[in-house]
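Colleague: The structure follows.
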Amino acid sequence: MEIGPIFRAMWRNRIGVALIALQIAFTMTVVVNAIYIINERSRLMARPSGLDEANLFYLRSVGFQEGFDEESTIVEDRILLQATPGIIDMTVMNAIPLSGSGSSTGVRVNPDANGPSTYTALYRVDEHAIDTMGLELIAGENFTTAEVRQLGRLDSGSTAPIIITEALAEALFTGGAAEALGNTLYWQVDIPMQIIGVVKQLQAPWPTFASIENSMLIPNNILDGQSLYLVRTEPGQVNTMMLRVEELLADSNPARIIMNVKSLEETRADSYRIDSSMARILLVVIVILVFITSMGVVGLAVFGINRRRRQIGTRRALGATQGQIIRYFLVENLIISGIGVTLGAVLTLGFNIFLVQTFNMPRIEWYYTPLGMLALVLVGLLAVLGPSRGAARIPPAIATRTV
Amino acid sequence: MLKMKDVGKVYRTELVETRALTSFSLDVDEGEFVTVTGPSGCGKTTFLNIAGLLETYSSGTYLLDGQDVSELGDRQRARLRNRKIGFIFQSFNLMPDLNLFDNVDVPLRYRGMRASERRQRVDQMLDSVGLLSRKKHLPSQLSGGQQQRVAIARALVGEPRFLLADEPTGNLDSHTAAGVMELLEQVNESGTTIIMVTHDDSLAQRARRNVKILDGRIQSIDQLADSRIPATPVSDRALSANA
């Protein structure tokens, strides 16, 4: 290998080399951190909510005429929808997971504790919630019809049954779901809640909520004239049923209007729109940066080759094979890339520390830096391969030309 | 050693066809010193390129050490150039970014020789041309004559049997040219076959044979063995040339 002479020759043209190495370092810093951010966002976006999202939609039934009876309308609507082919079930609830709108509260195991043990999303639902959402009940039982209170808020002093997620159970009890079942939680100051069931997963309404996996179901619908229905359809019928149900409900009771009909999949897309947009923008930035850096490498290589055409011809005359000429430029590029990615590794970590401290972002995984180094080196080698092959085709006879 | 028979070289472009060599036949024996002269554009360099395997030929036969070079692939030709042929160029063709040691080291690296052996050979060769003490210098820090001595060291470091020199004194003053010529004569005396292209008739007369080329054909081959100047120390020759 000609590393020594190549390095010494490059040292004599170090400004151009340093600029490209800096470009590689800068590109690596941005690319590695951007890929990490994209992966983090993708991981967040790919988290399951625990719901049968593909077959769920929701709507709001809003009474507007005097004498509109919300409670009886819910009963009539349920009968109507359950009789509609393609509908599996429906539930009335206060908030839709991932929708960005809902309630949360602090809960504690010990009523005398100062402050809550943890925070959780709070879903006010009826006994159809588990089946409608498609939740997996891993311990205990569902609410009974008798347990569901339609008329108002929970009364102080009474014990309410609740169903919680496994994540919330694990956050509150060392024994997890098994220990949680039958235990009592306290909400606000004086409302004891007995855990009668544990579901595998149900995410909170806010994708950025720190305790997104902590959710609590309370059998308590508040009647405020605006009922939120979540409807589960047979597989593949969600789009058809959204239109049909909207029509059916609107026709069945002219004292209310049906609005905000939306599928869970649309809701997920809307909730993560900023994340997915950011991921796309970062991807474009990565592609542009890598392209510009590749062009820089190609430009330096082509410039170097054109400047050294006679030298290359002379090397060929002195016995260099085409492969040795290609190798010369690959090694030259490897040295530049090596300097660039080494500097880039330091900058990557420094930039990540800045992101962690400034924007509270997660620390980059250790393997991102070596993978980024490897990727940038490979990009450099690929970029210089074409010009190197061109250099190898320079005829040795050029060594004897005087012009 | 070198046998060319009816070698022809035609350069073709879309519009023009140029015959650089026509029916070129020449035998060069082992240990000979042959000079090639002729006006500009007569085909001297083309002959040298073909002889040195830098270019292919269009017709005829060329045997180098009995081997038909037309059958060789690019890799084999490069290997032959590296092991059997040394080149000296008019413009020296040193790598400006490499120091003298690295410049002379170039052909040995392509031979895949061990570092210790290369170091020994390069030092020895730089010593023989009187530039060992300047081995860390760049070519730009040397005079023209010194650069050509480095180029000669590079050409000889691989111990080639066949040295091709293209106007080796063309860019040198007469004093320095005489020194370089003497160096080549010493190399030839040690058994290396030399073919030298030159414009300088006085230098051409110092070879054993002088091949005159005109319009891509051999015009004459003069036997000059008796006219060679007996070897004398380089410094004396240089002084006399300068006088």
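Bear in mind these aren't lab numbers, they're just calculated from the coordinates by the rules spelled out. Since the structure is predicted, the reported quantities are computational estimates derived from the model, not experimental observations. No Cβ is skipped: glycine too gets one built from the backbone with ideal geometry, and neighbour counts run over all protein chains shown.
Colleague: I'd like the projected area of chain A, averaged over all directions, using the convex hull of its alpha carbons. Report it in nm² with one decimal.
Modeller: That works out to 28.6 nm².
Colleague: Here's a follow-up. For B:97-110, what's the mean count of beta carbons from other chains sitting within 10 Å of each residue's beta carbon?
Modeller: 5
Colleague: In addition: Determine which residues of segment B:32-67 fall in the zone a paramagnetic label at A:ARG401 would reach in this model, i.e. backbone nitrogen under 20 Å from the point 7 Å along Cα→Cβ.
Modeller: Residues B:40-58 fall inside that zone.
Colleague: Now, a different point. Shielding of A:5-18 by partners, i.e. mean partner chain Cβ atoms within 10 Å per residue? Numbers along the way, then the final one.
Modeller: On the way: counts 10, 3, 0, 4, 6, 1, 1, 5, 1, 0, 0, 0, 0, 0.
Partner Cβ neighbours, averaged per residue: 2.
Colleague: Along each of the three principal axes of the Cα atoms of segment A:69-254, give the extent in whole Å, ordering the values from largest to smallest.
Modeller: 52, 33, 29 Å, listed from the longest principal axis down.
Colleague: For the Cα atoms of chain B, what angle does the longest principal axis make with the long axis of helix B:174-189, in degrees from 0 to 90, nearest 10?
Modeller: For B:174-189 against chain B, the angle is about 80 degrees.
Colleague: Any idea what diffusion coefficient segment A:1-81 gets from Stokes-Einstein, in µm²/s, Kirkwood Rh on alpha carbon pairs, 20 °C, 1.002 mPa s?
Modeller: 108 µm²/s
Colleague: Given points 7 Å out from each Cα along the Cα-Cβ axis, report the B:GLN141 to A:ARG363 separation in nanometres with one decimal.
Modeller: Between B:GLN141 and A:ARG363, the label points sit 4.9 nm apart.
Colleague: Taking 1 over the mean of 1/r across every pair of different Cα atoms in segment B:1-115, what Kirkwood radius in Å do you get?
Modeller: Computed over Cα pairs of segment B:1-115, the Kirkwood hydrodynamic radius comes out at 16.0 Å.
Colleague: Taking the simple approach of a point 7 Å from Cα along Cα-to-Cβ for both A:THR118 and A:ARG47, what is their distance in nm?
Modeller: Output for this residue pair reads 1.2 nm.
Colleague: Mind checking B:79-85 for the average number of partner chain beta-carbons within 10 Å of each residue's beta-carbon?
Modeller: Partner-chain Cβ atoms within 10 Å, mean over residues of B:79-85: 3.
Colleague: Separate question: If I require 30 Å or longer along the helix axis, counting alpha carbons, and a Kyte-Doolittle average no lower than -1.0, what helices from chain A are left? Use full DSSP H segments. Numbers along the way, then the final one.
Modeller: On the way: long enough: A:14-46 (46 Å, 1.19); A:273-307 (50 Å, 1.71); A:322-359 (51 Å, 1.26); A:368-392 (35 Å, 1.45).
Helices passing the filter in chain A: A:14-46, A:273-307, A:322-359, A:368-392.
Colleague: Moving on. Pairs of alpha-carbon atoms within less than 8 angstrom and 6+ residues apart define the contacts here; what relative contact order does segment B:71-199 have, in percent?
Modeller: Relative CO of segment B:71-199 lands at 34 percent.
Colleague: Extending each Cα 7 Å along its Cβ direction at A:ILE15 and A:THR240, get the distance between those two points in nm, one decimal.
Modeller: With each label placed 7 Å out from Cα toward Cβ, I get 7.3 nm.
Colleague: Now for a different question. For segment B:77-171, list log₁₀ I(q)/I(0) at each q in 0.11, 0.15, 0.17, 0.20 Å⁻¹, using the Debye formula over Cα point scatterers of equal strength and ignoring solvent, two decimals each.
Modeller: -0.27, -0.51, -0.66, -0.92
Colleague: Stokes-Einstein at 4 °C, 1.567 mPa s, Kirkwood radius from Cα pairs: D for segment A:220-349 in µm² s⁻¹?
Modeller: Translational D for this selection: 59 µm²/s.
Colleague: Over chain A, what relative contact order in percent results from Cα pairs under 8 Å that are six or more residues apart?
Modeller: It rounds to 27 percent for chain A.
Colleague: Enter the per residue convex hull volume of chain B, computed from alpha-carbon coordinates, in Å³ rounded to the nearest integer. Working shown, then result.
Modeller: Details: hull volume 33.0 nm³, N = 243.
So the per-residue Cα hull volume is 136 Å³.
Colleague: Quick one: compute the contact order of segment A:32-132, relative version, from alpha carbon pairs under 8 angstrom and 6+ residues apart, as a percent.
Modeller: That works out to 21 percent.
Colleague: In addition: Could you tell me what a quarter of the Cα convex hull surface of segment B:1-68 works out to, in nm² with one decimal place?
Modeller: That works out to 4.8 nm², a quarter of the Cα hull's surface.
Colleague: Based on the Kirkwood radius over alpha-carbon pairs, what is the Stokes-Einstein translational diffusion coefficient of segment A:1-135 at 10 °C with 1.306 mPa s viscosity, in µm²/s? Mind dumping the intermediate values first?
Modeller: On the way: Rh = 21.5 Å.
The calculation lands on 74 µm²/s.
Colleague: Right, here's the next one. Per residue of segment B:33-39, what does 6.51 cos²θ - 1.76 cosθ + 1.60 with θ = phi - 60° give for ³J(HN,Hα)? Whole Hz please, x for Gly and Pro, Karplus curve as stated.
Modeller: Running phi through 6.51 cos²θ - 1.76 cosθ + 1.60 with θ = phi - 60° gives 10, 10, 9, 10, 10, x, x Hz.
Colleague: Something else about it: From the gyration tensor of the Cα coordinates in segment A:254-321, what semi-axes in whole Å does the equivalent ellipsoid have, largest first, with each one equal to sqrt(5λ)?
Modeller: Values: eigenvalues 765, 20, 10 Å².
Value: 62, 10, 7 Å, ordered largest first.
Colleague: Give me the angle, in degrees from 0 to 90, between the Cα long axis of helix B:74-84 and the longest principal axis of the Cα atoms of chain B, rounded to the nearest 10.
Modeller: 50 degrees
Colleague: More than 20 angstrom separation, counting every C-alpha pair in segment B:94-235; what % is that?
Modeller: Of the Cα pairs, 50 percent sit more than 20 Å apart.
Colleague: For the pairs B:LYS44/B:LYS136; B:LYS5/B:LYS84; B:LYS5/B:LYS135; B:LYS3/B:LYS136, flag any whose C-alpha to C-alpha distance is greater than 31 Å.
Modeller: Over 31 Å apart, Cα to Cα: B:LYS44/B:LYS136; B:LYS5/B:LYS135; B:LYS3/B:LYS136.
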